[in-house]
Amino acid sequence: MKNKLNILILAAVALATINMASCTKDDLGPSIFDTKEYPLDRNLYTFPLDTFVKVNFLEPYNMKFLYRMQYISSDKDKNLTPASYENSCKLAVLTKYLWYDAYKDVAENGNTFLKLYSPRIIHVIGSKSLNTSSGTETLGVTEGGTKVTLNRVNYLNPSDIDDMNEYFFETMHHEFGHILDNNKLHPTTFNLLSNGHYNAAGWSETPDSVAHSLGFVSPYSSASYTEDWVETLGRYITRDSLAMEKMYGTAEYEWEIIDLEDKNGDGDKDLSDYSYMTKGTVDIDTIGYLKIDESGNGEHKVYRRVCERDQNGNVVKDENGQPKWVKNTLGAKQLIEQKIDYVRKYMKEQFGIDLDKLRDLIQAKQFRKGDDGEFLTEEFYNPTTKRMDKKMVNAIVYSEGGKTVLDTLLDELNKYKELQNK
């Protein structure tokens with residue numbers, strides 16, 4: 001039986017060899033597939049954007065910017081809609097300006113770096129990608145280290161730089177961070193820095209303040225060490241100095257979550273009830289901020305700094321009449337800084353990228369500077385803290401001579417309209 005099997009195997013190998021030899025000699029004729037590269041259609045309304053992404057993404061980096069929603073590549077469990085042409089144009093020029101051009105200018109051999117590690121596809125979706133079961137929203141997705149999907153493009157608002165960073169550009173650097181990490185794994189010792197504090201199931205219920213007090217740059221970074229890594233990268237790159245100072249200030253103190261009760265019996269759970277709970281102090285820093293339950297179930301919560309209290313529960317005040325805060329014992333601020341140092345060293349050693357130069361360049365593109373070279377700030381009313389606050393001045397939509405930076409970027413795209421008339 002064994003000998004018979006060997007004979008059959010030898011016969012099969014001989015037959016395969018004959019077939020392979022004959023294949024190399026046969027003329028199979030033209031391919032049955034259409035391999036011709038067709039020029040872009042100048043008659044299409046979308047010709048300027050099609051040409052822009054071809055010239056600026058496909059040709060230099062072999063990356064496709066897909067703004068026509070690919071249903072087969074989308075999450076079919078969700079009711080998603082395509083991105084508008086207008087917002088797709090804005091996102092395309094801003095992606096080049098704040099992502100690709102920044103890495104190209106800072107990385108050693110920037111074009112080669114982007115050719116090697118850039119996603120092969122950026123797929124943009126117009127609508128939000130809501131996760132109804134958890135009450136969360138998926139801002140972006142990385143697939144196989146080659147494709148990045150960006151959602152909610154129809155909500156792109158260049159006038160609100162904080163909104164753009166939160167929902168788009170931090171997401172871009174976050175997802176790109178996953179691709180870099182897939183190619184060159186980050187140090188495993190990073191994974192131990194917050195060991196025991198990761199909460200994959202409950203991160204969405206964690207407010208920013210509590211996350212910062214645990215040593216995380218955002219609630220989502222507390223989901224896992226891999227998300228912690230790329231969130232640290234993305235947040236550090238996109239957040240301005242004022243935002244970083246606020247995060248560090250928050251991380252220096254202990255924070256707690258309080259369930260509101262209708263203490264005064266007026267049928268509403270609001271800040272007047274909470275003021276009663278603080279035993280006489282209504283200082284806004286003691287109150288923290290109110291989290292409204294949008295479901296209508298009335299499960300409002302307050303996130304507040306932890307105060308020292310006496311045996312009767314009253315807030316202990318200092319000689320200036322201000323509450324005494326409980327300092328963070330975890331060393332959360334130093335922990336966040338340590339995580340940033342890990343990312344800084346990794347980017348330099350693995351990819352030759354100076355993280356601080358990258359951040360400085362992106363900040364300079366986003367925010368206006370004065371004649372002295374310092375970033376300009378402006379006051380605004382912060383509805384969260386119910387106080388006047390400061391923020392950096394948006395450079396993207398600042399008009400000088402009647403034209404904004406965004407207008408100038410769009411000119412690079414709209415110039416291809418001229419080709420349609422030839």
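What number of residues within the stretch 97-115 are part of a helix (DSSP H, G or I) and open to solvent by 50 Å² or more (accessible area, probe 1.4 Å)?
The number of residues fulfilling the criteria is 5.
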Within the stretch 220-247, residues being within 18 Å of W325 (Cβ to Cβ) and open to solvent by 40 Å² or more (accessible area, probe 1.4 Å) number 2
Within the stretch 347-378, the count of residues that are touching a residue at least 60 places away in the same chain (Cβ under 8 Å), in a strand (DSSP E or B) and either under 16 Å from G177 (Cβ atoms) or over 19 Å from the mean Cα position of the chain (by Cα) (or both) comes to 2
Looking across the stretch 204-219 at residues that are over 21 Å from I237 (Cβ atoms) and without any contact (Cβ under 8 Å) to a residue 60 or more places away in the chain, the single one that is least open to solvent (accessible area, probe 1.4 Å) is T206
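S159 - would you say it is farther than 25 Å from P82 by Cβ and small (G, A, S)?
no
Of all residues in the stretch 116-129, count the ones that are open to solvent by 10 Å² or more (accessible area, probe 1.4 Å) and at pLDDT below 90.
Initial filter on the stretch 116-129 (open to solvent by 10 Å² or more (accessible area, probe 1.4 Å)): 116-117, 120-121, 127-128.
Of the ones still in play, those that are also at pLDDT below 90 are 127-128.
Result for the stretch 116-129: 2.
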Among R359, R387, R368, the single one that is loosely packed, with under 12 Cβ neighbours inside 10 Å and of a type in the set (K, R) is R387
Scanning the stretch 326-346 for residues that are surrounded by fewer than 19 Cβ atoms within 10 Å (Cβ to Cβ) and touching a strand residue (DSSP E or B) at 6+ places or on another chain (Cβ under 7 Å) gives V326, K327
Okay, strands (runs of 3 or more DSSP E) sitting entirely in the stretch 130-185 with 2 or more residues that are surrounded by 22 or more Cβ atoms within 10 Å (Cβ to Cβ), I get 147-150
Does L80 qualify as being of a type outside the set (D, E, K, R), farther than 18 Å from G177 by Cα and not in a helix (DSSP H, G or I)? yes
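The values are calculated or read from the model by the stated rules, or taken from the named source; none is laboratory data. Because the structure is a prediction, the values reported are computed rather than measured. Because the Cβ atoms are built from the backbone with ideal geometry, glycine has one as well, and the counts that use them run over all protein chains shown. Keep in mind that these areas ignore ligands, DNA and RNA; they rest on the heavy atoms of the full protein, side chains included. Shrake-Rupley method; radii C 1.70, N 1.55, O 1.52, S 1.80 Å.
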